[in-house]
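Data first, discussion second: the structure below is written as structure tokens.
Nothing in this text is a laboratory measurement; each read-out follows from the coordinates by a stated rule. In this text the structure is predicted, and so the values were computed from the model without any measurement. All Cβ positions, even for glycine, are placed from backbone atoms using ideal geometry, and neighbour counts span all protein chains on display.
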Amino acid sequence: MEGLDALRGFALFGLFIVHMPELFELYWAHPVTEPTQLMWHDIIFTVFGGKAFAMLALCFGVSFFIIMDRSAKRGQDFSLRFVWRLVVLGVIGLLHGLWYRGDILEVLALMGLFIIPFYRLKSNALVLAIGAFFLLQPWMIFQMVNALNGAEWANKPMGFWSGTVPEAYLTGKSFIETVRMNWVDGHPFKWLFMAESGRLSQILGLSLIGMVLGRIDFFGQPEKFAKTRIISLIIAAAIAVVLFYQKDKLTGLMPETEGMARPLWGAMLSSWRDLAIMFTLMMGFLALYYSFAGKLLNLLAPAGRMTLTLYLVQSIVFVPVFYSFGLGLHATMTQTTAILIGVGAFLVQVVLAHLWFKAFLYGPFEWLWRAATYLTLKVPFLRKNSA
């Protein structure tokens, strides 16, 4: 399963390299206009923005199946334990959200509850169909149809469009005030964005697809799916190219009204474009991994095995770098500098992950999560030759 770990490490890199030029969400208080800086910002967001997050959601579904399946093979039903595991993840996410309002752990934990019933659905085709249904953004379609029919509720602008970056993040010197704003402003805004942008539907759809990939042993028997990977890569890349270059024309197919129909249609096209790019990245990465670049790309596997730890550490380290209660560099750091620091910092994380697993079986937060899941501290942590 090292291919899955390496893919997760790649997704973690993508998420981090978005967060860095985004200045951990403070970029939106003063977007760049200088052409070179804007170019690099757009490149990063075009390649990884919304795509790395989607890859992690898919990997989440794969991991869900692996955990459930291993327990089933031991004659145990892990369903209730998995619910508790998600509760623990949600608590970690809630606490992390007090530090950084962009936390995604809490969202994954909640949406994970909805995929548990589908584990008992044995038809892979049906699960894939349901997953595809959620990726089509059914709520947006419903709202768009109602907007065309003149429904007042459906023609109200999305709430997150008017969101602003709280001044406490930008100029305030109080860490306590930052935490308070993360709770009273950041927390509601995150859920508003996730709901209105279609991310919740996307997470559910990708998690279900990931569950099927786990069930067919997509990562355990890579040679069996070599042709599938290439075909999927070609199809995803073709769709991505069409939606990338023709999105404006396709958006124009929707009648222009004063309401939300056309913006919703454009948002759906953007969602599908991002998914196509995500699948292109994923299948391209795996095609390289299972061919000549496997040894190089496998260097990401240890980082993928401690994704939770590294994800938390990234914000623990860099939120104080950008926020005003710390160094407050959001106002002066350029996009290129943030990207270069991000690449360097991730390389350090990869090296530390390799060193860590020479002595330990799990990342520190992965071990805590596992111990809390089983309500015991007897979960092995040290490797035997290091004990």
- Note on the structure: For the range 280-287, Karplus-derived ³J(HN,Hα) couplings (6.51, -1.76, 1.60; θ = phi - 60°; whole Hz; x for glycine and proline) come out as 5, 4, 5, 5, x, 4, 5, 4
- Task: Measure out, as a whole number of angstrom, how far apart the alpha-carbon centroids of the range 321-387 and the range 224-271 sit.
- Result: 35 Å
- Message: When only alpha-carbon atoms are used, what values of Rg and Dmax, in angstrom, describe the range 271-387?
- Response: 17.9, 49
- Say the dipole of the chain comes from +1 at the beta carbon of Lys and Arg and -1 at that of Asp and Glu; which of Ala371, Val32, Val18 then lies farthest toward its positive end? Ala371
- Considering the dipole of the chain built from charges on the beta carbon (Lys and Arg +1, Asp and Glu -1) around the Cα centre, which of Leu297, Thr332, Ile277 is farthest to its positive end? Leu297
- Message: Which one, Phe48, Leu128, Asn155, is farthest towards the positive end of the dipole of the chain when Lys and Arg carry +1 and Asp and Glu -1 on their Cβ?
- Response: Leu128
- Query: With Cβ to Cβ distances under 15 Å as the rule, what net charge do the other residues near Ala371 carry (K, R +1; D, E -1)?
  - Reply: +3
- Task: Once you have a ≥ b ≥ c as the square roots of the Cα gyration tensor eigenvalues for the range 119-264, tell me rounded if a/c is under 1.5, and otherwise prolate or oblate according to whether a/b is larger than b/c.
- Result: oblate
- Query: In Å, what Rg and Dmax follow from the Cα atoms of the range 163-239?
  - Reply: 20.6, 56
- Top of Gly172, Gly102, Gly131 by mean-square fluctuation, Gaussian network on the chain, Cα under 10 Å: Gly172
- Item | Helix-only CD estimate at 222 nm, as mean residue ellipticity for the chain, using -39500 (n - 2.57) per DSSP H run (n ≥ 4) | -22000 deg cm²/dmol
- Message: Quick check: from the Cα gyration tensor, does the range 120-192 come out rounded (a/c under 1.5), prolate or oblate?
- Response: oblate
- How big is the charge dipole of the range 2-386 about its Cα centre, in debye rounded to the nearest 20, if each Lys and Arg gets +1 on its Cβ and each Asp and Glu gets -1 on its Cβ? 1600 debye
- Which value, in debye to the nearest 20, gives the size of the charge dipole of the range 251-375 about its Cα centre, when Lys and Arg are +1 and Asp and Glu are -1 at the Cβ? 460 debye
- Query: How much space per residue, in cubic angstrom, does the convex hull of the C-alpha atoms of the range 212-275 take up?
  - Reply: 87 Å³
- Item | Length-normalised contact order of the range 89-185 in % [C-alpha pairs under 8 Å, at least 6 apart] | 30 percent
- Note on the structure: Expected vector for the range 165-175, Karplus 3J(HN,Hα) from phi with 6.51, -1.76, 1.60 and θ = phi - 60°, integer Hz, x for Gly and Pro, equals 7, x, 4, 4, 6, 8, 10, x, 9, 9, 5
- Would you mind working out the magnitude of the charge dipole of the range 193-292 relative to its Cα centre, with +1 at each Lys and Arg C-beta and -1 at each Asp and Glu C-beta, to the nearest 20 Debye? 280 debye
- Item | Packing rank of 192-205, 47-60, where each peptide gets the mean count of other beta carbons within 10 Å, highest leading | 47-60, 192-205
- Message: Which of the three applies to the range 1-102, rounded, prolate or oblate, going by the alpha-carbon gyration tensor with a ≥ b ≥ c and a/c under 1.5 meaning rounded?
- Response: oblate
- Note on the structure: Mean projected area, convex hull of alpha-carbon positions in the chain, reported to one decimal in nm², is 20.8 nm²
- Hey, in the GNM for the chain with a 10 angstrom Cα cutoff, which one of Phe322, Phe78, Phe134 fluctuates hardest? Phe78
- Message: If you average the alpha carbon positions of the range 66-118 and of the range 131-191, how far apart do those two centres end up, in angstrom?
- Response: 23 Å
- Under 5 Å between amide H atoms, partner at least 5 residues away or on a different chain: which partners does Phe360 have, H built in plane at 1.01 Å? Arg383
- Task: Rounded to whole Hz and in sequence order, give me ³J(HN,Hα) for the range 322-336 from the Karplus expression 6.51 cos²θ - 1.76 cosθ + 1.60, θ = phi - 60°, writing x for Gly and Pro.
- Result: 9, 7, 6, 6, x, 7, x, 7, 4, 7, 10, 6, 7, 5, 5
- Item | Relative exposure of Tyr311, Tyr374, Tyr290, judged by other C-beta atoms within 10 Å (fewest first) | Tyr374, Tyr290, Tyr311
- If each K or R counts +1 and each D or E counts -1, the residues other than Phe279 whose Cβ falls under 12 Å of its Cβ total +2
- Item | Ascending count of other beta-carbon atoms within 10 Å, so fewest first, for Arg180, Arg74, Arg85 | Arg74, Arg180, Arg85
- Note on the structure: Ranked by GNM mean-square fluctuation in the chain (Cα springs under 10 Å), the top entry among Thr280, Thr33, Thr307 is Thr33
